[in-house]
Amino acid sequence: MSTPTLTAATRAVTDPPAPAGTRRLFAAGAPDLAHHAATFGPLPHPDSAALVDEVQAAGLAGRGGAAFPAWRKIASAQKRAGTRDRVVVIGNGAEGEPMSAKDATLLQRAPHLVIDGLLLAGAAVGATELYLYTGAAALASVRAATLERSDARGIVLREAPDSFISGEASAVIHSIEKGRAIPRDHVVRLTTSGLRGRPTLLHNVETLAHLALVARYGADWFRSVGSREEPGTRLFTVRAPDGLRVIEAAGGVSIAEAVSLAGVDPRGFSAVLVGGYHGGWVRSEHLGRPLTREALQEFGAAPGAGILMGLPVGSCGLTAAAQIARYLASQSARQCGPCVNGLPELASVLTRLASGRRDPGLPAEVRRLAGIVTGRGSCHHPDGTARFVLSTLTAFADDVEAHLAGHCLGGAA
Amino acid sequence: MSGQTRLTTGARAAATHTLHIDWTACDGRGLCTELLAGLLDRDEWGYPRALGYGSDVPVSAAEEEAAWDAVALCPRQALSLRAAPRG
Ligand code: SF4
Ligand code: SF4
């Protein structure tokens with residue numbers, strides 16, 4: 001049942017108005033509590049069931065990459081509330097992707113919104129332990145924020161190491177338990193058995209920040225920006241010549257629009273890697289596609305964690321991809337045979353192709369190795385790496401042909 | 001979420017059980033591939049592989065006994081067998 005009373009019940013007439021437009025997460029303009037309170041008003045205390053209904057009506061999806069419906073995780077953790085094992089809630093801001101900066105930026109510019117979301121999620125599932133896990137720089141800003149308010153003293157802060165897979169769900173649990181951020185074999189959901197065997201609710205920090213807004217302003221407000229498939233706003237990290245830029249934009253904007261909003265000219269790109277190093281390449285003729293799962297599916301891409309990395313016109317896509325594949329191979333946690341052995345080999349075959357080795361069997365060998373590693377690890381790393389490499393062969397098919405014929409289409413390469 | 005890519009949809013219809021491989025434990029010496037020769041192959045590095053499947057391999061009633069043996073004899077306790085969901 002829908003609960004139109006949620007916002008009426010939790011908001012007072014004296015509270016500041018809901019943010020208008022697409023500037024939501026960054027609406028406070030400064031990271032301190034005074035700006036936060038002046039912009040968003042006090043932390044609401046909604047009824048747990050009503051909050052889940054509202055999050056469901058809002059259509060809020062996880063912003064860590066997998067886009068799992070946020071309400072479903074909360075609801076399944078709620079079912080465990082009140083049992084002997086109290087639920088644990090973890091805010092995940094690890095962001096191991098080198099091309100992603102949105103979680104760290106959010107934690108530095110709006111830490112109180114994330115803290116609000118963590119407290120709300122904790123209250124909704126009757127949690128007694130709350131954790132926030134992120135890299136060193138962002139952790140410092142969260143620590144400063146928790147000291148500004150009395151309700152956040154119980155949040156345990158844990159530093160995420162700087163590695164690609166540090167944010168993988170089981171790696172997060174492993175890191176908090178044992179200080180080793182490497183994935184573990186798992187056959188049950190975290191909401192059944194996670195940290196020290198207790199039911200665990202793990203949300204990306206951006207998801208938590210949106211949760212804090214939905215709890216205040218409701219589902220209709222949330223959906224008033226964005227598209228049907230991608231309601232609300234979302235954060236994107238766009239690679240610019242001088243580094244990474246983070247923007248907040250309406251869900252479902254096109255790739256070209258998102259890149260432009262970051263002040264970067266999309267016409268300077270021959271392709272954009274969407275979704276990060278586990279994502280897929282979208283060629284320049286398709287940059288008008290909306291950033292939705294449906295529209296990007298054929299490229300093996302998805303909005304994921306909102307990473308947009310342009311390939312400048314004149315650069316060789318195969319060379320760039322081979323470099324990324326080598327990086328990904330180096331980031332294997334070295335636990336699973338097919339990943340430990342297969343990823344370096346996959347990267348080396350792609351590198352041979354990129355460096356102009358005229359062996360017509362190379363593309364087939366890349367495909368074969370991608371097939372062998374897929375699904376055969378304790379985490380998604382081999383699957384994501386295989387997907388990325390296959391997308392490279394598809395998007396840069398003409399470059400592959402040129403390399404095998406002894407030349408390169410990348411003029412600048 | 002933490003779920004793995006399940007490549008185990010379709011095919012092998014008469015599966016009664018699912019054999020799960022814990023890759024973090026498996027050392028790839030291939031004892032299981034001898035016990036379950038019809039089910040598991042070895043990849044070029046020696047690790048068990050069932051064509052078209054990832055970490056969860058469907059096991060038919062006829063293969064169940066051999067699968068239990070593999071679970072018991074795997075030197076790394078990397079294998080586990082559970083009833084396949086009905087339906
Ligand atoms: S699949 Fe690779 S990255 Fe993932 S746990 Fe295994 S070895 Fe580590
Ligand atoms: S017997 Fe166990 S350790 Fe050996 S290859 Fe099979 S699963 Fe791996």
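The values are calculated or read from the model by the stated rules, or taken from the named source; none is laboratory data. All values reported here derive from a predicted model rather than from experimental measurement. Cβ atoms come from the backbone with ideal geometry, glycine included; neighbour counts cover every protein chain shown.
Data table
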{"item": "Region B:52-87: number of residues that are within 16 Å of ligand 1 (Cβ to nearest atom) and hydrophobic (A, V, I, L, M, F, W, C)", "result": "1"}
{"item": "Qualifying helices (runs of 4 or more DSSP H) (wholly inside region A:330-413; at least 1 residues being touching a strand residue (DSSP E or B) at 6+ places or on another chain (Cβ under 7 Å))", "result": "A:381-395"}
{"item": "Checklist (1) surrounded by 20 or more Cβ atoms within 10 Å (Cβ to Cβ); (2) within 25 Å of A:Asp162 (Cβ to Cβ); (3) within 14 Å of another protein chain (Cβ to nearest Cβ) applied to A:Pro303, failing item", "result": "(3)"}
{"item": "Extreme residue, nearest to the other protein chains (Cβ to nearest Cβ), among residues of region A:156-185 that are in contact with a Ser or Thr (Cβ under 6 Å, 6 or more places away or on another chain) and surrounded by 23 or more Cβ atoms within 10 Å (Cβ to Cβ)", "result": "A:Ala169"}
{"item": "Residue ID - farthest from ligand 2 (Cβ to nearest atom), chosen from residues in region B:14-25 that are within 10 Å of another protein chain (Cβ to nearest Cβ) and part of a strand (DSSP E or B)", "result": "B:Thr18"}
{"item": "Qualifying helices (runs of 4 or more DSSP H) (wholly inside region A:123-240; at least 2 residues being assigned by TED's automatic domain parsing to the domain that holds A:Ala77 and at pLDDT 95 or above)", "result": "A:136-147, A:205-223"}
{"item": "Among (1) in contact with a strand residue (DSSP E or B) (Cβ under 9 Å, 6 or more places away or on another chain); (2) more than 14 Å from chain B (Cβ to nearest Cβ), the one test that A:Gly243 misses", "result": "(1)"}
{"item": "Given (1) surrounded by fewer than 24 Cβ atoms within 10 Å (Cβ to Cβ); (2) in a helix (DSSP H, G or I); (3) within 16 Å of ligand 2 (Cβ to nearest atom), number of the condition A:Gln323 does not satisfy", "result": "(3)"}
{"item": "Evaluation of A:Ser175 against (1) small (Gly, Ala, Ser); (2) farther than 16 Å from A:Thr128 by Cα; (3) touching a helix residue (DSSP H, G or I) at 6+ places or on another chain (Cβ under 7 Å) (one fails), failing number", "result": "(3)"}
{"item": "Output for region B:52-79, where each listed residue is near ligand 2 (Cβ under 10 Å from one of its atoms) and either away from chain A (no Cβ under 14 Å) or not in a helix (DSSP H, G or I) (or both)", "result": "B:Ala70, B:Leu73, B:Cys74, B:Pro75, B:Arg76, B:Gln77, B:Ala78, B:Leu79"}
{"item": "Residue list for region A:47-76, restricted to those being at positive phi and either more than 14 Å from chain B (Cβ to nearest Cβ) or buried (at least 22 other Cβ atoms within 10 Å of the Cβ) (or both)", "result": "A:Gly59, A:Gly65"}
{"item": "Region B:42-56, residues that are among the hydrophobic types (A, V, I, L, M, F, W, C) and at pLDDT 95 or above", "result": "B:Trp45"}
{"item": "Residues (farther than 20 Å from A:Gly279 by Cβ and not basic (Lys, Arg)) located in region A:334-350", "result": "A:Gln335, A:Cys336, A:Gly337, A:Pro338, A:Val340, A:Asn341, A:Pro344, A:Glu345, A:Ser348, A:Val349"}
{"item": "Selection from region B:26-51 of residues that are away from ligand 1 (no atom under 16 Å from the Cβ) and part of a loop (DSSP other than H, G, I, E, B)", "result": "B:Arg29, B:Gly30, B:Leu36, B:Ala37, B:Gly38, B:Leu39, B:Leu40, B:Glu44, B:Ala50, B:Leu51"}
{"item": "Flag for A:Ile90 being crowded, with 24+ Cβ neighbours inside 10 Å and within 14 Å of chain B (Cβ to nearest Cβ)", "result": "yes"}
{"item": "From the options A:Leu393, A:Leu409, A:Leu353, residue that is at pLDDT below 95, over 30 Å from A:Asp185 (Cβ atoms) and either outside the structural domain of A:Ser175 (by TED's automatic domain parsing) or not basic (Lys, Arg) (or both)", "result": "A:Leu409"}
{"item": "Candidate set from region B:26-41 (those that are without any contact (Cβ under 8 Å) to a residue 24 or more places away in the chain and of a type in the set (Gly, Ala, Ser)); member that is farthest from ligand 2 (Cβ to nearest atom)", "result": "B:Ala37"}
